[in-house]
Amino acid sequence: MRMKGKNVLLCVSGGIAVYKAVALVSKLTQAGANVKVIMTDSAKKFVTPLTFQVMSKNDVYFDTFDEKESSVIAHIDLADWADLIIIAPATANVIGKLANGIADDMLTTTYFAATCPVWVAPAMNVHMYDHPAVKRNISRLSEDGCSFIEPSEGYLACGYVGKGRLEEPEKITQLVIEYFESEARK
Ligand SMILES: Cc1cc2nc3c(=O)[nH]c(=O)nc-3n(C[C@H](O)[C@H](O)[C@H](O)COP(=O)(O)O)c2cc1C
């Protein structure tokens, strides 16, 4: 239980790699982290919230206006709860919205309310990843303080081979464990 007591907020946007985000929740929880999940509407087209609910043993959030607890505002409460936010997979769309201050859903609204570190793990078609607008948005987000887990190279679901694969859940979990261990040594 190397991450006991650590709160990880996993923000899932709508790419084919959503299935890997399910494995990521499993790995993080097995390593002792408390995990809560936010999904975009597009992410829900790939995997249902129920899957993430079962894997995380927590409610899954996707509607900014669905205020379950009257004593708190959900997106502020989640942002305050998180020790670390991971956006995985991060679509070109969500990266663009975050880089440009757009907060029009639960994921993006919570991001702007957060003060903890944010890690972004892009996953997309190789040409999307190479697009100047996407590159521009990634460098803007880096300037804003986000860290990036670069996609790896290999066979992509779209049939292309190139850079764009979401980093493997085991690798991301290892990075998270190392991050919390290094924070504990400070
Ligand atoms: C089958 C399929 C796979 C997709 N995979 C990706 C992807 O890997 N990365 C990406 O940036 N967009 C991908 N998209 C496009 C996004 O779903 C689309 O841009 C959507 O508006 C993203 O919404 P969100 O960022 O709010 O989740 C895919 C769409 C489809 C239909």
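Taking H as built 1.01 Å from N, whose amide H comes closer than 5 Å to the amide H of Lys163, not counting residues under 5 places away?
Here the answer is Gly154, since their amide H atoms fall under 5 Å of that of Lys163.
Hey, what's segment 68-149 come to in accessible area per residue, 1.4 Å probe, Å²? Intermediate results must be reported in sequence, preceding the final value.
Working: 3660 Å² over 82 residues.
I get 45 Å² per residue for this part.
Per-residue HN-Hα couplings for segment 67-74, Karplus 6.51 cos²θ - 1.76 cosθ + 1.60 at θ = phi - 60°, whole Hz, x for Gly and Pro?
Using θ = phi - 60°, the values come out as 8, 6, 10, 6, 7, 9, 9, 4 Hz.
In segment 7-185, what % of DSSP beta bridges are antiparallel (nearest 5)?
Numbers: 4 of 22 bridges.
Counting only bridges with both partners in segment 7-185, antiparallel ones make up about 20 percent.
Taking a cut-off of 19 Å between Cα atoms, list the aspartates and glutamates near Lys97, but don't count ones fewer than 8 places away on the same chain.
Partners found: Asp41, Asp63, Asp105, Asp130, Glu143, Asp144, Glu150.
Within the accessible area of segment 1-95, what % is carbon and sulfur when the probe is 1.4 Å and the other protein chains stay in place?
Numbers: 2300 of 4430 Å².
The value for segment 1-95 is 52 percent carbon and sulfur by accessible area.
Under 8 Å for C-alpha pairs, at least 6 residues apart: give me the relative contact order for segment 14-159, rounded to a whole percent.
Numbers: 201 pairs, mean separation 33.2, N = 146.
Relative contact order here is 23 percent.
Taking H as built 1.01 Å from N, whose amide H comes closer than 5 Å to the amide H of Asp41, not counting residues under 5 places away?
Those qualifying (amide H under 5 Å, at least 5 residues apart or on another chain) number zero.
What are the lysines whose alpha-carbon lies under 21 Å from the alpha-carbon of Lys68, with same-chain residues fewer than 8 places away excluded?
Qualifying lysines at Cα under 21 Å: Lys36, Lys44, Lys57.
With the Cα gyration tensor of the chain giving a ≥ b ≥ c as the square roots of its eigenvalues, does the rule (a/c under 1.5 for rounded; else a/b larger than b/c for prolate; else oblate) give rounded, prolate or oblate?
Working: a/c = 1.38, a/b = 1.23, b/c = 1.13.
Note, shape of the chain comes out rounded.
Per residue of the chain, what 222 nm ellipticity follows from adding -39500 (n - 2.57) for every DSSP H run with n ≥ 4, rounded to the nearest 500? Each step should come with its number before you reach the end.
On the way: 8 runs with 79 residues, N = 186.
Rounded to the nearest 500, the figure is -12500 deg cm²/dmol.
The values are calculated or read from the model by the stated rules, or taken from the named source; none is laboratory data. Everything numeric in this text was worked out from a predicted model, so none of it was measured. SASA here: full protein model, heavy atoms, side chains in, ligands and nucleic acids out. Shrake-Rupley method; radii C 1.70, N 1.55, O 1.52, S 1.80 Å.
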